[in-house]
Each structure stands twice: as C-alpha cells, then as structure tokens.
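This report refers to the structure that appears directly beneath it.
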Amino acid sequence: MSKFRMQDHVLVPKHEVLSKEVAEELLKTLGISPEQLPKIRVDDPVAKEIGVKVGDIVRIIRESPTAGKSIAYRLVV
Amino acid sequence: MTKYDDVLNKYPLPSAVKEELKAEFERLGINKTKARQIVERCYQAYLANLMEPGEAAGIIAAQSIGEPGTQMTMRTFHYAGVAEIDVTLGLPRLIEILDVRKNPSTPMMTIRLAEDYAKDRNKAREVANRIEATYILDIADVATDIRHMQIIITPDEKALERKQLTVEEVKKRIEKGLKTEVEESEGKLIIAISEPSYKVLMDTFDKLRRLVLAGIKEIRRVIIRKDGEEYVLYTEGSNLKKVMKVKGVDPARTLTNDIYEIYEVLGIEAARNAVIREAISTLEEQGLEVNVRHIMLVADAMTADGELKQIGRHGVAGEKQSILARAAFEMTVNNLLDAAVQGDKDSLSGITENIIVGQPIKLGTGDVELIARLR
C-alpha cells in the first residue's frame, strides 16, 4: 500500500508552495507585508508533507460552502 | 460552453456564482451580448453586497452565534444518535468546540472502510475487531486462586470466535504485556505468581484486567452500521492517528469529533474545517440556523496564528494587545495589576479601550479621517 498523504484527507484542502517570484507578486497586489498573512507552522503535518521552509508562502485552495472555491494564503513560521 | 467562459472570466466573481450563472445561461441559451449585460448587473449586485470596509464583522458574528445560543439546551444533553452512541450536544458541545478542549467529553469517530472492505459485513467486523479495545474480561472468566497463588483464565469459545482471536494469541499477548510465563492446560490459561504475596497477586490481576489484548486502547466500543451501500464504523472513543493506520480503513474519509486531535494529525487547515463542520452541525441539530460565514470568521480567528487557539482568555481574547480590552473581558484585577507592575502602555487603538475612555471608536465612519483641501 502506498503511503497515505494527508492532503488526500477529506478535511484537508490543497496546499501548494509559492515560488519566490509569485510570492512577491502576490504581496504587491495585496499591498501587505508577509507578516500580515495568517500563519502555518513549519511542523504542521501538511506543511511537512509538501516540504516548506520558514518564510515561504503557502497557497491553500479551499472548498468553500459560500464561494465554491476560495484561495487563502499562509506564511510559514 | 466556452462562449460564456470568456465573458465570466473577466469578472472576479466567486466560482460558485460563476457556475450558477453559466448553468442558467446554458439552460436559457442566451447570446453573448445579453450574457455580458447580465454578468455586469450581477457583478454590480455582488459589489453592493460585499462587506463595507470598516464594518465590525466580528461583533456581528458574535451576536449572530450568541443569540441562537441562548435558545440551546443548557444542560449536558446526550442523545442516542446514529448507532446508539452518546454524544454531547447543545450548548455544552458548542462551548467545547470554541474552547478547543483537548479531551472532549464524548469523543467519537466515524470510520469509513477501504473499497474491498466496505461492502462485506464480515470484513467490516474484521476491521472493527482490529480497532475495538478487547480486554481479558470480554473473552474469558478470570479467577484468582489464593491457595495456589495463581490466576486462572477460562476463555469463552464463543467470545473468542466473535473477536476472531485464538487462545494461543491471547496467551502470547498476556505473556508480552505482563512479562510473565503463562501455562496452558485443558484450554485454561494459568498465571503462577512466584512470590507468595497477596499484594503481588492482586496487582497482577489488576494489570491483567487492564491489558489491551487487541485493538486500540482509546476505542471503547465499535458499532457497525450500513450507510447506503457501504458499512460504516462508529466508535466511542477516538484515536485518529492509530485508526488511520489500521488495515481496511479508508484513511481519507476517517473522521473524529476531537478537533484538537485533527489539528495534531492533519494540520491547521483541517482543524479550521473541523471547527466549521462541528459548530454548524451542533447548531443545526438544535434547529438553529446560523450563516456559515459567521462560523468561518470564528474559525479563521482561531487558526490565524497557525496554532489552534481557543476563544477565551487563554486564546484569542487573551492575546489582545490592549490591557484595557483584556481587563474588560476576564480577570480584571490580575490584568491591571500585571500591566501596572510591568509598566505597560495602552496605545488605545482598539474598540473596547476607546469605549472605556470615552473616545470615538475606529469603526465605520469613525475609521476615516477627513482632511479639507484648501484651495
């Protein structure tokens, strides 16, 4: 049996790491500094799975009951 | 279908709205110019319905959850829900969710099975046996013989069969768990106590009684129910991490009502989803309708730091930067005293502190300042 990925769980939305360029672009459009984003811990099970370092920005694609799909970002701390 | 897509993609509408519009356009077979006009009108309506900047969303959420909360049952109310399992409901449960209790009073899991196990009752039973904690008293009679200083275990054939265990397996498990020799004679298991001490005998007996022979310690009971096409296991007690690894369980669809456990095993985003789900289902069960958006805001506040925080003085409310706002919430004297000892300053930037000192608050129209342009 292949190893179970946390991201396959029904409660876990899709997480992906942003590249440096995309992250900078994002902060510019939002007009905020990275500390103003919600946080995710480096030792978060899903963060560990996708392999992030402190300071990265993670894009989370949530299934929202109101908007269908909603995109959120978290800063890795 | 693509002809509506490029019209819709020009507008930053939520995908649920886009889907709905597209479905409606296709049903009516509207041409592109009309579609563009409709989308434009919809977009205007969407903008008009967005939250105003400076609106006190948190207070609205608090009131929207608080008012129906007054109508909830206050006493700890249990009911025999799906599969005769007791679950805490009503206000006590809602408090439990918002306080992020590490050990909820009635932990419960819903376990879905892997494809090749889900349709077959016997296979479901097999998985249930792997999960449910089995103790010696479930499968055998245990007697202490003080005269010969020994414990005699008489296994119950039927119970063993139901639990899919053999005497041999039980023997091995006891030997490993208690680190003693177990003798087998005439279908009975005998543990001899070497030391002639009544205390040692009773201690061994107690240990034996508490020894988990099979399954997961936290899972006290498993019930099998048919849900549509497949068999689902409901458990009393919860241990997400271990259950997800059990053979035959579908880890992706295994749930627990212990939110802190979800946070530890599946991470912050799963915890956010779990808070929303649990809160909504608790409210709905009581016949109360609260818009998800309010709950989502609460869940966002609880998970914003990457750590699951409770609402309350050890969490969201306790981390307010203003001394006055914290003092106004709970433990007034302690907060003021600590602040005085440390010589803290309050910058009066929030709402509560400005109301306390009698200044206009920075909300709504108070959030903007006007500067006259001199000509």
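The values are calculated or read from the model by the stated rules, or taken from the named source; none is laboratory data. Since the model is a prediction, treat every value here as computed from it, not as a measurement. FYI the Cβ positions are ideal-geometry reconstructions off the backbone, even for glycines, and counts take in every protein chain you see.
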(request) Taking B:Val292 as meeting all but one of (1) more than 17 Å from the chain's Cα centre (by Cα); (2) more than 28 Å from B:Asp344 (Cβ to Cβ), write down the number of the exception. (result) (1)
(request) Consider only pairs whose beta carbons are under 8 Å apart and that are at least six residues apart or on different chains; among these, list those whose first residue lies in the stretch B:9-32 and is more than 14 Å from every other protein chain (Cβ to nearest Cβ) and whose second residue is assigned to a helix (DSSP H, G or I) and of a type in the set (Ser, Thr, Tyr). (result) B:Phe25/B:Tyr4; B:Glu26/B:Tyr4; B:Lys32/B:Tyr4
(message) Here is a check on your reading of the model: is B:Gln321 within 26 Å of the chain's Cα centre (by Cα), in contact (Cβ under 8 Å) with a residue 24 or more places away in the chain and more than 14 Å from chain A (Cβ to nearest Cβ)?
(response) no
(message) Just checking, does the stretch B:269-289 include any residue being polar (S, T, N, Q), in contact with a Leu (Cβ under 7 Å, 6 or more places away or on another chain) and buried (at least 20 other Cβ atoms within 10 Å of the Cβ)?
(response) yes
(request) List the number of the failed condition for A:Ser64; all other conditions in (1) buried (at least 17 other Cβ atoms within 10 Å of the Cβ); (2) farther than 30 Å from B:Glu20 by Cα; (3) within 10 Å of chain B (Cβ to nearest Cβ) hold. (result) (2)
(request) Would you point out the residue of the stretch B:284-306, among those that are touching a residue at least 24 places away in the same chain (Cβ under 8 Å) and in contact with a strand residue (DSSP E or B) (Cβ under 8 Å, 6 or more places away or on another chain), that is nearest to B:Leu266 (Cα to Cα)? (result) B:Gly306
(request) Return the total of residues in the stretch B:1-54 being touching a helix residue (DSSP H, G or I) at 6+ places or on another chain (Cβ under 8 Å) and part of a helix (DSSP H, G or I). (result) 18
(message) List pairs: first residue in the stretch B:53-67 and farther than 15 Å from B:Val292 by Cβ, second residue of a type outside the set (Gly, Ala, Ser) and part of a helix (DSSP H, G or I) anywhere in the structure, Cβ distance under 6 angstrom, at least six positions apart or on different chains.
(response) B:Gly54/B:Asp367
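B:Thr204 - would you say it is under 22 Å from B:Ile139 (Cβ atoms) and hydroxyl-bearing (Ser, Thr, Tyr)?
In short, yes.
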(message) So, B:Ser281, is that one of a type in the set (S, T, N, Q) and without any contact (Cβ under 8 Å) to a residue 40 or more places away in the chain or not?
(response) yes
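Residue-wise test of (1) of a type outside the set (S, T, N, Q); (2) out of contact with any helix residue (DSSP H, G or I) (no Cβ under 8 Å at 6 or more places or on another chain).
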{"residue": "B:Thr204", "(1), (2)": "no, no"}
{"residue": "B:Asn239", "(1), (2)": "no, no"}
{"residue": "B:Val243", "(1), (2)": "yes, no"}
{"residue": "B:Val249", "(1), (2)": "yes, no"}
{"residue": "B:Thr254", "(1), (2)": "no, no"}
{"residue": "B:Tyr263", "(1), (2)": "yes, no"}
{"residue": "B:Ala279", "(1), (2)": "yes, no"}
{"residue": "B:Gly287", "(1), (2)": "yes, yes"}
{"residue": "B:Asn291", "(1), (2)": "no, no"}
(request) Within the stretch B:119-145, track down each residue that is touching a helix residue (DSSP H, G or I) at 6+ places or on another chain (Cβ under 7 Å) and either among the aliphatic types (A, V, I, L, M) or farther than 26 Å from B:Gly228 by Cα (or both). (result) B:Ala124, B:Val127, B:Ile131, B:Tyr135, B:Ile136, B:Leu137, B:Asp138, B:Ile139, B:Val142, B:Thr144
(message) When you scan the stretch A:35-57, do you find a residue that is over 19 Å from B:Val265 (Cβ atoms), part of a helix (DSSP H, G or I) and at pLDDT 85 or above, even just one?
(response) yes
(message) When you scan the stretch A:6-22, do you find a residue that is in contact with a Pro (Cβ under 8 Å, 6 or more places away or on another chain), assigned to a loop (DSSP other than H, G, I, E, B) and crowded, with 18+ Cβ neighbours inside 10 Å, even just one?
(response) yes
(message) Exactly one condition in (1) acidic (Asp, Glu); (2) within 10 Å of chain B (Cβ to nearest Cβ); (3) in contact (Cβ under 8 Å) with a residue 40 or more places away in the chain is false for A:Glu35; which is it?
(response) (2)
(message) Conditions first: (1) within 14 Å of chain A (Cβ to nearest Cβ); (2) over 27 Å from B:Lys102 (Cα atoms). B:Thr352 passes all but one, so which condition is the exception?
(response) (1)
(request) Report the residue count in the stretch B:321-339 for those that are within 18 Å of B:Val298 (Cα to Cα) and surrounded by 18 or more Cβ atoms within 10 Å (Cβ to Cβ). (result) 0
